[in-house]
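One structure below.
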Amino acid sequence: MATKIPAAQARLFKNVFVCKSCGQKMKTDSIRVIAKKVKCRKCSKKNFRAIKAKKK
């Protein structure tokens with residue numbers, strides 16, 4: 001029975017976004033993603049989604 005550590009959850013899932021076209025993960029502020037000021041390092045597109053936590 002593993003418990004979820006809040007510090008670890010924040011480090012893994014807070015402000016992490018995934019490129020919708022290539023799947024590259026990027027850690028950035030959500031306001032910058034909404035304003036389309038962030039581009040993907042791999043494919044240079046500006047469409048991101050929030051990362052989803054894995055369920056056990």
Notebook entry, point to check: In the stretch 26-56, what residues are within 25 Å of Lys4 (Cβ to Cβ) and surrounded by fewer than 12 Cβ atoms within 10 Å (Cβ to Cβ)?
Noted result: Lys27, Arg49, Lys52, Ala53, Lys54, Lys55, Lys56
Checklist line | Residue tally, condition part of a loop (DSSP other than H, G, I, E, B) and under 10 Å from the mean Cα position of the chain (by Cα), over the stretch 3-22 | finding: 2
Check: Is it the case that the stretch 47-54 has a residue that's out of contact with any helix residue (DSSP H, G or I) (no Cβ under 9 Å at 6 or more places or on another chain), at pLDDT 95 or above and polar (S, T, N, Q)?
Finding: yes
Note to self: Just to be sure I understand, how many residues within the stretch 12-24 are exposed (fewer than 12 other Cβ atoms within 10 Å of the Cβ) and of a type in the set (Lys, Arg)?
What the structure shows: 1
Note to self: Which residue is farthest from Gln9 (Cα to Cα), if the candidates are limited to the stretch 24-38 and must be part of a loop (DSSP other than H, G, I, E, B) and either among the hydrophobic types (A, V, I, L, M, F, W, C) or touching a helix residue (DSSP H, G or I) at 6+ places or on another chain (Cβ under 6 Å) (or both)?
What the structure shows: Ala35
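The values are calculated or read from the model by the stated rules, or taken from the named source; none is laboratory data. For clarity, every value in this text was computed on a predicted model and none was experimentally measured. FYI the Cβ positions are ideal-geometry reconstructions off the backbone, even for glycines, and counts take in every protein chain you see.
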